[in-house]
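Engineer: Structure in structure tokens, see below.
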Amino acid sequence: MKHTIIWTSLSLSLILPACKKDYGDLNNATVEAFTANATEGELNNLVSGTESGMRTNLALYLDDCGIIGRELYHFSPSEPRYVTDLLGASGATLSNSNFYITNPWASRYQVIKNCNVLIQSATNSKLITAAQQAGYIGFAQTIKAYQLLLCLNLTDTNGIRVNVSDPNDLGPFVNYNDGLTAIASLLDSGATRLTNASVAFTLAGFGNYGDAPGLVKFNRALAARVAIYRSQWSQALTDLNGSFFNLANPLTDGVFDVYSTGSGDQLNTFYIPQNTTGEVRVAHPSYAGDILPGDDRIGKATIRTAGAASLDGLSSNRDVWVYTSSTTPIPIVRNEELILIYAEANIQQSSFPNAVNAFNVIRAAHNLAPYGGATTQAALLSELLYERRYSLYCEGHRWIDLRRYNLLNTLPIDRPGDEVWSAFPRPVSESAN
């Protein structure tokens, strides 16, 4: 069937909180029950379900980006494709029907479905104020744009569907550039809505950015990321000015997907304890090999006291130690990334002192001396990619960064015949169009 994944995951169910609360049978809810004339409580449950769904298969997305980007290996006795397909071993290719593309794709589009239902429900509701309506719609547009971006990060030139609001009449695939344009437009629309909004819902993981002004800042942070993907350097700086970017604030300031041990909640499945045998995530050997002496980001890849882990000709003596418990949050966007976006945009506009200043904020935070290299564009871009590599390790950026700069050919080939892929194929359900 042509649209199996999208149709099955998006039209037959909504992502909703596990408990029923006071709003009827949410586990068997229909779209019509929400879109007719939703109450504030029903809309808030759609918000909570949307936020919850953003975490589904996120660890797999990070595996996809991290393995191809040679940040890590995932050794799994029960799943060899982490070290075969994703690394192109012995003629293996990326399949359009395997879990590593179909699962994250379906999960992201299910959240997009939730966002579309939330938009329609808020639009139709006569039980909320205009300002509250703007809050729901602005939030939904922002999250929808973010989910589309994650899909586009995987498929790149193979594109995405942007218009999936009608499961019976899905819009066409659009190419990479048009996809980014549509995502930027959706973020702009969300920011406009949120500027005049009242937020009637509570968000987990948003910290100081869960009210209307905070959501605008979150939205603009994502917009700045999209702007550098589009090589729109002035726009990136404009978006940063509207975000929570601040050279003086903690690098960890930001918005996160959060986890808990509570009944019915999700755990961070990227977490694997140190020195585990069997199922392990270990750092690519180049992570420690390329890091500068004294850089404290080496702590993201800790020495295995149990000895090196090996599988299928691959080996590493360091565990990935970015998410140090099953409840450690995963960043959506944080200030450290925004500072590096600021540096990149300034490099591209030849404002080199601003970039060096930004680098020195990052370097000081990680036990490094101020930048002392050449102040040429080439040298500063090299420094940028170093800082992004180590600051944003296992947050889903390095593969995309090297692809943006046409540097995928610089990634190490660990076994004869291995490949560095530039994009995932469209899932099999989408291959007919």
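Engineer: Restricting attention to the range 59-93, which residues are surrounded by fewer than 20 Cβ atoms within 10 Å (Cβ to Cβ) and assigned to a loop (DSSP other than H, G, I, E, B)?
Structural biologist: Ser76, Pro77, Ser78, Glu79, Thr84, Gly88, Ala92, Thr93
Engineer: Can you confirm whether the range 13-26 contains a residue that is out of contact with any His (no Cβ under 6 Å at 6 or more places or on another chain), aromatic (Phe, Trp, Tyr) and modelled with pLDDT of 60 or more?
Structural biologist: No, the range 13-26 contains no residue that is out of contact with any His (no Cβ under 6 Å at 6 or more places or on another chain), aromatic (Phe, Trp, Tyr) and modelled with pLDDT of 60 or more.
Engineer: Which of the numbered conditions does Tyr386 fail, given that it passes all the others? Conditions: (1) of a type outside the set (A, V, I, L, M); (2) open to solvent by 30 Å² or more (accessible area, probe 1.4 Å); (3) touching a Phe, Trp or Tyr at 6+ places or on another chain (Cβ under 8 Å); (4) in a helix (DSSP H, G or I).
Structural biologist: (3)
Engineer: Here's something else I'd like to know. Among the residues in the range 335-350, are any open to solvent by 30 Å² or more (accessible area, probe 1.4 Å) and in a helix (DSSP H, G or I)?
Structural biologist: Within the range 335-350 (the criterion being open to solvent by 30 Å² or more (accessible area, probe 1.4 Å) and in a helix (DSSP H, G or I)), the answer is yes, since at least one residue qualifies.
Engineer: Given the conditions (1) among the β-branched types (Val, Ile, Thr); (2) open to solvent by 50 Å² or more (accessible area, probe 1.4 Å); (3) in contact with a strand residue (DSSP E or B) (Cβ under 9 Å, 6 or more places away or on another chain), which single one is not true for Val320?
Structural biologist: Tallying (1) among the β-branched types (Val, Ile, Thr); (2) open to solvent by 50 Å² or more (accessible area, probe 1.4 Å); (3) in contact with a strand residue (DSSP E or B) (Cβ under 9 Å, 6 or more places away or on another chain), Val320 fails exactly one: (2).
Engineer: Residue by residue through the range 401-431, note down the ones that are farther than 23 Å from Leu150 by Cβ and among the aliphatic types (A, V, I, L, M).
Structural biologist: If the condition is that a residue be farther than 23 Å from Leu150 by Cβ and among the aliphatic types (A, V, I, L, M), then Ile413 is the only one that fits.
Engineer: In the range 177-200, what residues are over 22 Å from Gly242 (Cβ atoms) and surrounded by 17 or more Cβ atoms within 10 Å (Cβ to Cβ)?
Structural biologist: Selection gives Gly179, Ala200.
Engineer: For the range 276-304, what are the residues that are of a type in the set (D, E, K, R) and either in a loop (DSSP other than H, G, I, E, B) or surrounded by 15 or more Cβ atoms within 10 Å (Cβ to Cβ) (or both)?
Structural biologist: The answer is Glu279, Arg281, Asp295, Arg297, Lys300, Arg304.
Engineer: Does the range 260-275 include one or more residues that are assigned to a helix (DSSP H, G or I) and surrounded by 14 or more Cβ atoms within 10 Å (Cβ to Cβ)?
Structural biologist: No, because not a single residue in the range 260-275 is assigned to a helix (DSSP H, G or I) and surrounded by 14 or more Cβ atoms within 10 Å (Cβ to Cβ).
Engineer: Can we say Arg220 is charged (D, E, K, R), outside any loop (DSSP other than H, G, I, E, B) and out of contact with any helix residue (DSSP H, G or I) (no Cβ under 7 Å at 6 or more places or on another chain)?
Structural biologist: Taking the combined requirement at face value, the residue does not satisfy it.
Engineer: Could you list, in sequence order, all residues of the range 305-320 that are outside any loop (DSSP other than H, G, I, E, B) and farther than 17 Å from Ser76 by Cβ?
Structural biologist: Residue satisfying the conditions is Arg318 alone.
Engineer: Continuing with the same structure: Looking at Thr252, Thr238, can you tell me which residue is open to solvent by 40 Å² or more (accessible area, probe 1.4 Å) and either in a helix (DSSP H, G or I) or small (Gly, Ala, Ser) (or both)?
Structural biologist: It is Thr238.
Engineer: Only one of Ala212, Ala227 is buried (at least 18 other Cβ atoms within 10 Å of the Cβ) and in contact with an Asp or Glu (Cβ under 9 Å, 6 or more places away or on another chain). Can you tell me which?
Structural biologist: Only one candidate passes the filter, namely Ala227.
Engineer: Regarding Asn163, is this residue polar (S, T, N, Q), more than 22 Å from Trp399 (Cβ to Cβ) and not in a loop (DSSP other than H, G, I, E, B)?
Structural biologist: no
Engineer: Also, quick follow-up: Of everything in the range 368-390, what is more than 15 Å from Gly69 (Cα to Cα) and within 27 Å of the chain's Cα centre (by Cα)? Give them in sequence order.
Structural biologist: Result: Leu380, Leu381, Ser382, Glu383, Leu384, Glu387.
Engineer: Let me ask another. Can you run down the residue pairs with Cβ atoms below 7 Å, 6 or more apart or on separate chains, where the first is in the range 355-376 and more than 20 Å from Ile298 (Cβ to Cβ) and part of a helix (DSSP H, G or I) and the partner is open to solvent by 60 Å² or more (accessible area, probe 1.4 Å) and among the polar types (S, T, N, Q)?
Structural biologist: Val356/Thr375
Engineer: So, one more: Are any residues in the range 108-124 more than 13 Å from Val47 (Cβ to Cβ) and open to solvent by 10 Å² or more (accessible area, probe 1.4 Å), and if so, which ones?
Structural biologist: Listed by number, the residues that qualify are Gln110, Lys113, Asn116, Gln120, Thr123, Asn124.
Engineer: Specify the residue that is surrounded by the fewest Cβ atoms within 10 Å (Cβ to Cβ); the eligible residues are those in the range 167-176 that are touching a helix residue (DSSP H, G or I) at 6+ places or on another chain (Cβ under 9 Å) and assigned to a loop (DSSP other than H, G, I, E, B).
Structural biologist: So the residue we want is Asn168.
Engineer: Among the residues of the range 394-433, how many are polar (S, T, N, Q) and either open to solvent by less than 10 Å² (accessible area, probe 1.4 Å) or touching a Phe, Trp or Tyr at 6+ places or on another chain (Cβ under 8 Å) (or both)?
Structural biologist: Selection size over the range 394-433: 2.
Engineer: Mind telling me which of the residues Thr157, Thr102 ends up being of a type in the set (Ser, Thr, Tyr), at negative phi, more than 17 Å from the chain's Cα centre (by Cα) and open to solvent by 10 Å² or more (accessible area, probe 1.4 Å)?
Structural biologist: None of the others qualify; the one that does is Thr157.
The values are calculated or read from the model by the stated rules, or taken from the named source; none is laboratory data. These numbers come from a predicted model, not from an experiment. For neighbour counting, all protein chains shown are included, and Cβ atoms are generated from backbone atoms with ideal geometry for every residue, glycine included. Note: areas computed on protein heavy atoms with side chains; ligands, DNA, RNA excluded. Shrake-Rupley method; radii C 1.70, N 1.55, O 1.52, S 1.80 Å.
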